[in-house]
Ligand SMILES: [Zn+2]
């Protein structure tokens, strides 16, 4: 019994380090909480940034951490926004074996909110990477020309 406790404490501690920082929850409505905190997935083709290609920057909906530039967004008709690169250090990657699939979850590196999944080796762009992100996890800021 004591051995189990000793083994479990570091595991629980590790999980807590990657769980959503509750201080940002007041920025989210119920549908955003379902995706960002409860790691849900919005319905394909439902998100407002799925078919959206304006110039600017995407930040985390919960904490405003910069995540993606519009020039890394590409059209891939999978139903969710696709990016082939992130702003350096914007996300953390966590192995996700849910639903019998081996995937890599991406979370905001600041608040650990769920963004989506990243896929490699699909040969869709030169960077050979696809960040498949829920629109509900993102907020778009248009490019400030006088910046
Ligand atoms: Zn965040």
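Read-outs: derived from the displayed coordinates by stated rules, not from any lab. What you see is a predicted model; the values in this text were computed from it and never measured.
For the chain, modelled as a GNM whose springs connect Cα atoms under 10 angstrom apart, the maximal fluctuation among 19, 98, 31 occurs at 98.
Each 5 Å bin from zero up to the one holding the largest Cα-Cα distance in region 2-142 carries the following percent of pairs: 2, 10, 19, 23, 21, 12, 6, 4, 2, 1, 0, 0. In the chain, helices alone account for a calculated mean residue ellipticity at 222 nm of -5000 deg cm²/dmol, with every DSSP H run of four or more residues adding -39,500 (n - 2.57).
Between 0 and 90 degrees, rounded to the nearest ten: what's the tilt of helix 2-17 against the longest Cα principal axis of the chain? The two axes meet at around 20 degrees.
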